[in-house]
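*Asks:* One structure, as structure tokens, below. Some questions next.
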Amino acid sequence: AQKITQTQPGMFVQEKEAVTLDCTYDTSDPSYGLFWYKQPSSGEMIFLIYQGSYDQQNATEGRYSLNFQKARKSANLVISASQLGDSAMYFCAMREGSGYSTLTFGKGTMLLVSP
Amino acid sequence: GAGVSQSPRYKVAKRGQDVALRCDPISGHVSLFWYQQALGQGPEFLTYFQNEAQLDKSGLPSDRFFAERPEGSVSTLKIQRTQQEDSAVYLCASSLVGPGGEGGYTFGSGTRLTVV
């Protein structure tokens, strides 16, 4: 089974609207971390937001918030007030365990923001 | 430096040629990772260094892939006898401490390798 599933290959949103990018994960480890990264056409992976499995509250970072539903194993990214510069690939990733572990990425969602 | 620097930015290799990809992490960052990103896919883990020690190389797809970080700073990913399936973007990431932290990975812009 895939550890990170992003079911939306592409999403379109108009400028200034909110958009939700879906991510579900699969792990049996009680300790894990969930990450969202943005990858513009320039190629670098830009860290957006992090949610730990034991965090009581949903993470927020500026216009980014993470809708963490632990029982459903989902960690959707919400971008409020979309901007043209938000157009990019978005990747959900997971780190399992509390010690050393690599990041496992989903296949990504391409977000296009139109004027 | 201010960020993770990778060179070359683009590399075209003839099938069978050896290539070397360089990663210059953020100064003082202990952990260094290499990822391979095929077209239309998410990055996949290749290998991990803590300082000069290669602690995990489980993601290297074959013995043609070799990585080193001899002085615990700059790292080189070498691919011998390149094949077309090696065509991908190779991303390097570094982290100040071990990878258990919440946001501690800084990625470079990657090297796009095309094998013809």
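*Asks:* Per residue of B:29-42, count partner chain C-beta atoms within 10 Å of its C-beta, then hand back the mean as an integer. Display every interim value, and only then the final one.
*Replies:* Working: counts 0, 0, 1, 0, 2, 0, 4, 0, 6, 0, 0, 5, 5, 15.
Shielding by partners across B:29-42 averages 3.
*Asks:* Separate question: For Cα pairs less than 8 Å apart in space and 6+ apart in sequence, what is the mean separation divided by the residue count of chain A, i.e. the relative contact order in percent? The partial results should precede the final answer.
*Replies:* Values: 284 pairs, mean separation 42.4, N = 115.
Contact order relative to length: 37 percent.
*Asks:* Quick one: A:VAL78, B:VAL4, fewest Cβ neighbours within 10 Å first, how do they rank?
*Replies:* Details: A:VAL78 16, B:VAL4 23.
Result, fewest neighbours first: A:VAL78, B:VAL4.
*Asks:* Between B:SER58, B:SER27, B:SER75, find the one with the highest GNM mean-square fluctuation for chain B; connect C-alpha pairs within less than 10 Å.
*Replies:* Comparing B:SER58, B:SER27, B:SER75 in the GNM, the peak value goes to B:SER58.
*Asks:* Same structure, new question: Where in chain B lies the longest segment free of trypsin sites (Lys or Arg not before Pro) that are both loop residues by DSSP (not H, G, I, E, B) and have at most 16 other Cβ atoms within 10 Å? Don't skip to the end; give the middle numbers.
*Replies:* Numbers: sites that count: B:ARG9, B:LYS14, B:ARG15, B:LYS57, B:ARG64, B:ARG81.
Between exposed loop sites, the widest span is B:16-56.
*Asks:* Give the longest segment of chain B that steers clear of GluC sites (Glu not before Pro) in DSSP loops with at most 16 neighbouring Cβ atoms within 10 Å, not counting the sites themselves. Show your work: numbers first, answer last.
*Replies:* Numbers: sites that count: B:GLU52, B:GLU71, B:GLU102.
The longest uninterrupted stretch comes out as B:1-51.
*Asks:* Let me ask something else. Under the definition of partner shielding as Cβ atoms of other protein chains within 10 Å of a residue Cβ, what is the mean value for peptide A:43-54? Could the numbers behind the result be given before it?
*Replies:* Numbers: counts 11, 10, 13, 2, 7, 1, 2, 4, 1, 1, 0, 0.
Whole-number average of other-chain Cβ neighbours for A:43-54 is 4.
*Asks:* Of the chymotrypsin sites (Phe, Trp or Tyr not before Pro) in the range A:1-75, which ones lie in a loop per DSSP and count no more than 15 other C-beta atoms within 10 Å? Write out the running numbers ahead of the final one.
*Replies:* Working: sites: A:PHE12, A:TYR25, A:TYR32, A:PHE35, A:TRP36, A:TYR37, A:PHE47, A:TYR50, A:TYR54, A:TYR64, A:PHE68; in loops: A:TYR54.
Passing sites in the range A:1-75 are A:TYR54.
*Asks:* With r as the distance between the Cβ atoms of B:VAL30 and B:SER87 and R0 = 30 Å, compute the FRET efficiency 1/(1 + (r/R0)^6) and round to 0.05. Write down the numbers at each step before the final one.
*Replies:* On the way: r = 31 Å, r/R0 = 1.03.
After rounding, the FRET efficiency stands at 0.45.
*Asks:* Of A:LYS16/A:LYS73; A:LYS70/B:LYS78; A:LYS3/B:LYS14; A:LYS73/B:LYS78; A:LYS70/B:LYS11, which pairs sit farther than 31 Å apart, going by alpha carbon to alpha carbon? If you can, show how the numbers build up before the last one.
*Replies:* Numbers: A:LYS16/A:LYS73 29 Å; A:LYS70/B:LYS78 40 Å; A:LYS3/B:LYS14 35 Å; A:LYS73/B:LYS78 38 Å; A:LYS70/B:LYS11 42 Å.
As for pairs spanning more than 31 Å Cα to Cα, those are A:LYS70/B:LYS78; A:LYS3/B:LYS14; A:LYS73/B:LYS78; A:LYS70/B:LYS11.
*Asks:* Here's something else I'd like to know. In terms of the Cα gyration tensor, with a ≥ b ≥ c the square roots of its eigenvalues, is the protein assembly as shown rounded because a/c is under 1.5, prolate because a/b exceeds b/c, or oblate? Could you put the intermediate results ahead of the total?
*Replies:* Working: a/c = 1.84, a/b = 1.42, b/c = 1.30.
Because a/c hits 1.5 or more and a/b exceeds b/c, the protein assembly as shown counts as prolate.
*Asks:* Calculate, in nm to one decimal, what A:GLU15 and A:ARG63 gain on full extension: separation in residues at 0.36 nm each, minus their alpha carbon distance. Intermediate values should be presented prior to the final figure.
*Replies:* Details: separation 48, 0.36 × 48 = 17.28 nm, distance 1.32 nm.
Answer, rounded to one decimal: 16.0 nm.
Each value in this text was obtained by applying a stated rule to the coordinates, not by laboratory testing. These figures come from a predicted structure and were not determined experimentally. FYI the Cβ positions are ideal-geometry reconstructions off the backbone, even for glycines, and counts take in every protein chain you see.
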